[in-house]
Amino acid sequence: MAVRLRLGRRVFAPSAALTALMFLLAVVFVLLGRWQWRVGNASQVQFQRYQRGADRVVALGWAPLTQMPLYQRVSLTGRYDAAHQFLLDNSIHAGRDGYQVLTPLRRPHGDTVLIDRGWVPFTGNRARLPDVSLKSAGPVSVSGRVGRLPSPGLSFGRAPPPRGDQWPKVTSFPTVAELSAALGRPVDGRILLLAPTEPNGYVRAWHLPGMPALENWGYAVQWWTFAAAALVIWGVLSLKRVPA
């Protein structure tokens, strides 16, 4: 049954099609707002974890990185395997294309950790890779934050390390298993983001992935405003003037 409500010289008579459309839009906007709010909450938890990780530096000893909380500052010792490095493609810094340099560090007890030594710019020629060589082959002590390999939002653009004996190997969004296979030995499931104060590094402007929580929360409020606007528009369009 159609709804008709007399309001002075106007009548409120929403059509079924308009009602269905506007309420569908309102529901969609509310759900999008809830999703952005949850993403913002997750970003806030990650930021708090990042802040807690800066409180102290944990000497790792024999423990693997996977036993440490994400973003925890740690120190460890080993020898760089400068002959077998990876260049992570599709890395942008300050609007410029480049690579993240991943260098294996062999620890005294035999484990291998990948050290992200930072960003280097693209040379302008795919056939000419940047020089990421290391002069020292002796034991080193390094510190940084426990991190993860970068991952794409979608599977497009992924490229595992190429086969063969040519190093460094250019790869895009590789998995731990693919890097382990290229090295011929297992590597830790987490990487170490080399501290900006450490030597043998490049550009290290480490920051949390994604946008700040406040931006997500702002988008959530924006979606909910759209939902309210859809209902207001439904009400306005449903008011019709009564002929005199």
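Residue-level check: of (1) at pLDDT 90 or above; (2) open to solvent by 50 Å² or more (accessible area, probe 1.4 Å); (3) hydroxyl-bearing (S, T, Y), T171 misses just (2). For P186, the stated conditions do not hold, so it cannot be described as without any contact (Cβ under 8 Å) to a residue 24 or more places away in the chain and in contact with a helix residue (DSSP H, G or I) (Cβ under 8 Å, 6 or more places away or on another chain). Restricting to segment 162-220, what's the tally of residues that are more than 18 Å from the chain's Cα centre (by Cα) and assigned to a loop (DSSP other than H, G, I, E, B)? Final tally of qualifying residues: 20.
Being open to solvent by 30 Å² or more (accessible area, probe 1.4 Å) and of a type in the set (D, E, K, R) is the filter here, so list the residues in segment 101-126 that pass it. Those that are open to solvent by 30 Å² or more (accessible area, probe 1.4 Å) and of a type in the set (D, E, K, R): R106, D111, R126. Among the conditions (1) open to solvent by 10 Å² or more (accessible area, probe 1.4 Å); (2) under 28 Å from R56 (Cβ atoms); (3) touching a residue at least 40 places away in the same chain (Cβ under 8 Å), L129 misses just one, which is (2). Which one is modelled with the lowest pLDDT among residues in segment 211-244 that are buried (at least 18 other Cβ atoms within 10 Å of the Cβ) and among the aliphatic types (A, V, I, L, M)? Per the stated criteria, the residue is A213. The residues on offer are A195, A127, and the sole one that is farther than 27 Å from R73 by Cβ and out of contact with any Phe, Trp or Tyr (no Cβ under 7 Å at 6 or more places or on another chain) is A127. What do you reckon, is R73 under 20 Å from R145 (Cβ atoms), open to solvent by 40 Å² or more (accessible area, probe 1.4 Å) and touching a residue at least 40 places away in the same chain (Cβ under 8 Å)? When the stated conditions are applied, R73 passes them. Within segment 123-146, the set of residues being basic (K, R) and modelled with pLDDT of 85 or more comprises R128, R145. Screening the candidates F86, F122 for the property of being under 24 Å from the mean Cα position of the chain (by Cα) and over 22 Å from S180 (Cα atoms) yields one hit, F122. Among the conditions (1) more than 18 Å from A177 (Cα to Cα); (2) loosely packed, with under 15 Cβ neighbours inside 10 Å, G98 misses just one, which is (2). Within segment 92-121, residues that are without any contact (Cβ under 8 Å) to a residue 60 or more places away in the chain and under 20 Å from R145 (Cα atoms) sit with their Cβ atoms under 6 Å from residues that are surrounded by fewer than 23 Cβ atoms within 10 Å (Cβ to Cβ) and acidic (D, E), at 6+ positions apart or across chains, in these pairs: R106/D81.
The values are calculated or read from the model by the stated rules, or taken from the named source; none is laboratory data. If you're wondering where the values come from, they're calculated on a predicted model, not measured in any experiment. All Cβ positions, glycine included, derive from the backbone under ideal geometry; neighbour counts span all protein chains shown. Ligands, DNA and RNA are stripped out before the accessible areas are found, and what is left, the full protein with its side chains, is counted by its heavy atoms. Shrake-Rupley method; radii C 1.70, N 1.55, O 1.52, S 1.80 Å.
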